[in-house]
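Peer 1: There's a structure below that I have some questions on.
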Amino acid sequence: MLATPALALEPAGYKTAEDLLITPTLKLAERFDDNFRSVETNEEDSFVTTIAPNVNFNKKGKKAEFNLDIGAVQDIFHSSHSDDNLDRYASTSLALDFTRRHRLRLNAGYNHTEETASLVQ
């Protein structure tokens, strides 16, 4: 067995001609869960693959900043495909600086999530 160090890098974005920074990311993970329903009896185990794509849009100006984050998380249960689920989310924020004393901050978000533990058959 050979162990090598892992490097953690900040994701690099793409800047458009209008100074909009677009940063896509993709997370892939594999894990083993010995009780993926989180129940006390009749536990079930499974390998779980997680795929999580995300895109972030950011625009900064002298007196304003805009941010939009859109993504999803797909969990694939290898021993029980009926429990596969897809969570989706989006969030946005807008910051405006009118003067030193007058500022406006707006935030909004959307989450659609599924809990595997509640899907007991």
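Peer 1: Name the aspartates and glutamates eligible as straight-distance cross-link partners of K63: C-alpha to C-alpha under 14 Å, and not fewer than 8 places from it in the same chain.
Peer 2: Partners found: D97.
Peer 1: Among T16, T50, T25, whose mean-square fluctuation peaks in a Gaussian network model of the chain (Cα, cutoff 10 Å)?
Peer 2: With Cα springs under 10 Å in the chain, the top fluctuation among T16, T50, T25 is at T16.
Peer 1: Using only C-alpha positions, report the orientation-averaged shadow area of the convex hull of the chain, nm², one decimal.
Peer 2: 12.3 nm²
Peer 1: Something else: Over the chain, what percent of the accessible surface lies on carbon and sulfur atoms, probe 1.4 Å?
Peer 2: About 57 percent, which is the carbon plus sulfur part of the accessible surface.
Peer 1: To continue, here is another question. Name the most mobile residue of G109, G13, G61, meaning the one with the largest mean-square fluctuation, in a Gaussian network model of the chain with Cα contacts below 10 Å.
Peer 2: G61
Peer 1: Another question, if that's okay. What is the gain in length, in nm to one decimal, between K15 and T92 on full extension, counting 0.36 nm per residue of separation less the C-alpha to C-alpha distance?
Peer 2: Gain on extension, K15 to T92, equals 25.9 nm.
Peer 1: Given the peptides 40-46, 82-88, arrange them by the average over their residues of other C-beta atoms within 10 Å, most packed first.
Peer 2: For the peptides 40-46, 82-88, the packing ranking is 82-88, 40-46.
Peer 1: Roughly how big is the chain's charge dipole about its Cα centre, with Cβ charges of +1 (Lys, Arg) and -1 (Asp, Glu), in debye to the nearest 20?
Peer 2: Here the chain has a charge dipole of around 1480 debye.
Peer 1: Here is a further query. Could you report region 36-88's accessible area per residue, 1.4 Å probe, as an integer in Å²?
Peer 2: 58 Å²
The values are calculated or read from the model by the stated rules, or taken from the named source; none is laboratory data. In this text, all values refer to a predicted model and were calculated from it rather than measured experimentally. Quick reminder, even Gly has a Cβ in these numbers, built from the backbone with ideal geometry, and neighbours come from all protein chains shown. The area values use the complete protein model at the heavy-atom level, side chains included, leaving out ligands, DNA and RNA. Shrake-Rupley method; radii C 1.70, N 1.55, O 1.52, S 1.80 Å.
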